[in-house]
1. Would any residue of region 145-173 have its amide N under 11 Å from a label point 7 Å out along Cα→Cβ of Ile228? List them or say none.
2. What does the C-alpha gyration tensor say about the overall shape of the chain? Classify as rounded when a/c is under 1.5, otherwise prolate if a/b is larger than b/c, or oblate.
3. Given axes a ≥ b ≥ c from the Cα gyration tensor, I'd like to know whether region 51-151 is rounded (a/c under 1.5), prolate (a/b larger than b/c) or oblate.
4. For the residue pair Glu210 and Glu258, what label-to-label distance in nm results when each label sits 7 Å from Cα along the Cα-to-beta-carbon direction?
5. Please work out how much length the chain gains when fully extended from Asp62 to Ala289, using 0.36 nm per residue of separation minus the C-alpha to C-alpha distance, in nm with one decimal.
6. Highest mean first, how do 33-39, 131-137, 61-67, 198-204 rank when packing is the count of other Cβ atoms within 10 Å averaged over residues?
7. Give the calculated FRET efficiency between Asp71 and Ser39 to the nearest 0.05, with a Förster radius of 45 Å applied to their Cβ-Cβ distance.
8. On a full-extension model of 0.36 nm per residue, what is the gain between Asp273 and Arg242, subtracting their alpha-carbon distance, rounded to one decimal in nm?
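Just so it is clear, none of the values below were taken in a lab; they were calculated from the coordinates. This one's a predicted model, so the numbers in the text were calculated from it and none came from an experiment. Note that each Cβ is placed from the backbone with ideal geometry, even for glycine, and that neighbours are counted across all protein chains shown.
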Amino acid sequence: MYLAKEQVAPSRSSIQRLIDDGSVRVNGRVETKPSYRVSADDVIEVSLPPPEVAPACVPPEDIVIAVLYEDDDVLVVDKPRGMAVHPGAGRTTGTLVNALLGRQMSLSGIGGPLRPGIVHRLDRNTTGVMIVAKNDRAHLKLAADLAAHRVGRHYLALVRGGVAENEGVVDAPIGRHPVDRKRQAIVFGGRRAVTRFRALERFGDYTLIEATLETGRTHQIRVHMQYIGRPVAGDPVYGGVRGELGLAAQALHSARVEFTHPATGEYMVFAADMPGDMRAAVETLRARAGRGPAGR
């Protein structure tokens, strides 16, 4: 790989993340294929993020986390709102990784010292089910299953506006926003991103949907729902309104995850209830519509 040879980033995985994020352009076009063969007259541009100042070590912390399942290979947790998954620039404590290390458990090392055990991530203010790998063998198997779309990730989202169709698919490429590098956007030449959704309850000006990921791009559901004009409620970054319906943040919840156990081959399904503010928002909308808790 040309970029690895030129050492534009500290590791091949770092370079892969740059490519995944749409931060590499060849002759003005976002290049998404690591296998691209560089020609002598190619103009290559790489947008590097600000350097992440990592702590000398990640301190273990005694933070209570909701554990849905644990064995020698995997841990499944219900991540709360407001908890970042791993340390980063300006944030060294209070993350899920700090909490995992505080449990004094073994974790895979594939993700590096800042991301031990982290196979996939949720945004800081997205709640719900997450899988953690406790050893490298489990991590590699789970990562391969994620890449091959063999892990089912099902979210609940409360979106602004009515969703007319019962089911739908958003197939639109995602990459870094061309101006605001902290955001993602629908970008020509970005990485393919596919979200399937179905309407669960309609409230006129809001709809509760289930969104299922076929791919796992950063902020994928939030970007895709904004793209079709149905932004996630409470998400001011991608078209929602801060604090609407009493929401503390975006009404997006990892409700169910399905995967094959990396050691036993058993098919496993884990679910978590919506966080309190999202559940209250749904109940408020049901009450406005004159429905009971199970109303459609």
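1. So the set is 163-172.
2. Oblate, since a/c reaches 1.5 and b/c is not below a/b.
3. rounded
4. Output for this residue pair reads 0.9 nm.
5. That pair, Asp62 and Ala289, stretches by 77.4 nm at full extension.
6. For the peptides 33-39, 131-137, 61-67, 198-204, the packing ranking is 131-137, 198-204, 61-67, 33-39.
7. 0.35
8. 8.9 nm
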